[in-house]
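> Sending over a structure as structure tokens; questions will come in a sec.
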Amino acid sequence: MIVRKISLVGLLAGLVAASLSSGIAGADTPGKHPLYLHARSDLRKAELLLQEHDEPNVVHETNIAYQQIHQAIQELDKASVIDKKDVQDNPNVDTSVKHLDKFRTIYKLLRSAEKDISPEEDAHAAIGWRNRAKANIEQAKRSVEMAASRDVIDDLRSENY
């Protein structure tokens with residue numbers, strides 16, 4: 001009888017411990033779309049790089065790209081709320097890159113963010129925001145392409161090249 005009570009108590013204690021540990025682990029588990037946070041981080045880095053001073057011939061395109069990226073971040077923030085994500089990501093960015101390298105880096109970040117948010121969305125409430133973020137990223141890529149093209153042309157025409 002005493003052995004039976006001890007094993008019953010041990011069994012109950014084990015079940016409680018197991019349920020608590022799985023609950024604690026589940027609290028730190030990201031939601032269904034952890035890639036939203038990766039995409040957001042890439043977009044924030046691109047946004048920060050675009051805030052750096054540019055040559056006058058590319059300012060218009062970089063401003064448009066910045067606005068599109070900022071809008072994409074806002075749309076992802078809305079979609080991320082549905083998945084209960086922490087969207088307080090403010091990465092440090094090396095802003096000492098040269099213009100063309102800067103545009104290459106920004107473009108790579110945009111492609112990475114686009115890839116991260118491309119998987120099928122099963123939270124129907126987030127689909128619209130995700131799709132608007134994708135459209136903003138695509139428009140930002142076009143603006144970065146234009147800025148990089150103008151920068152290359154300007155460099156080719158200068159005597160410093």
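The values are calculated or read from the model by the stated rules, or taken from the named source; none is laboratory data. Just so we're clear, the structure is a prediction, and the values are computed from it rather than from any experiment. Cβ: placed from backbone, ideal geometry, glycine included. Neighbour counts: every protein chain shown.
> Pick from region 94-124 the residues that are more than 17 Å from the chain's Cα centre (by Cα) and among the hydrophobic types (A, V, I, L, M, F, W, C): which of them is modelled with the highest pLDDT?
Step by step, filter region 94-124, then rank; the result is 103.
> What are the residues in region 63-92 that are modelled with pLDDT under 90, in a helix (DSSP H, G or I), surrounded by fewer than 20 Cβ atoms within 10 Å (Cβ to Cβ) and among the hydrophobic types (A, V, I, L, M, F, W, C), if any?
81, 82
> Consider residue 52 carefully, then state whether it is of a type in the set (Asp, Glu) and at pLDDT 95 or above. Explain how you work it out, then say what you get.
Working: of a type in the set (Asp, Glu): yes; at pLDDT 95 or above: no.
No.
> State which residue pairs qualify: first residue over 17 Å from residue 114 (Cβ atoms) and inside region 142-156, second residue surrounded by fewer than 14 Cβ atoms within 10 Å (Cβ to Cβ) and hydroxyl-bearing (Ser, Thr, Tyr) in any location, beta carbons under 6 Å apart, and separation of 6 or more residues or different chains.
So the pair list comes out as 155/161.
> State all residues of region 110-153 that are out of contact with any Ser or Thr (no Cβ under 6 Å at 6 or more places or on another chain), over 13 Å from residue 73 (Cα atoms) and either hydrophobic (A, V, I, L, M, F, W, C) or outside the structural domain of residue 77 (by TED's automatic domain parsing) (or both); if no residue qualifies, say none.
The answer is 123, 125, 126, 127, 144, 146, 148, 152, 153.
> Would you pick out the residues in region 116-125 that are in contact (Cβ under 8 Å) with a residue 60 or more places away in the chain and in a helix (DSSP H, G or I)?
Let us first name the residues in region 116-125 that are in contact (Cβ under 8 Å) with a residue 60 or more places away in the chain, namely 116-117, 119, 121-123.
Within region 116-125, just 116 meets the criteria.
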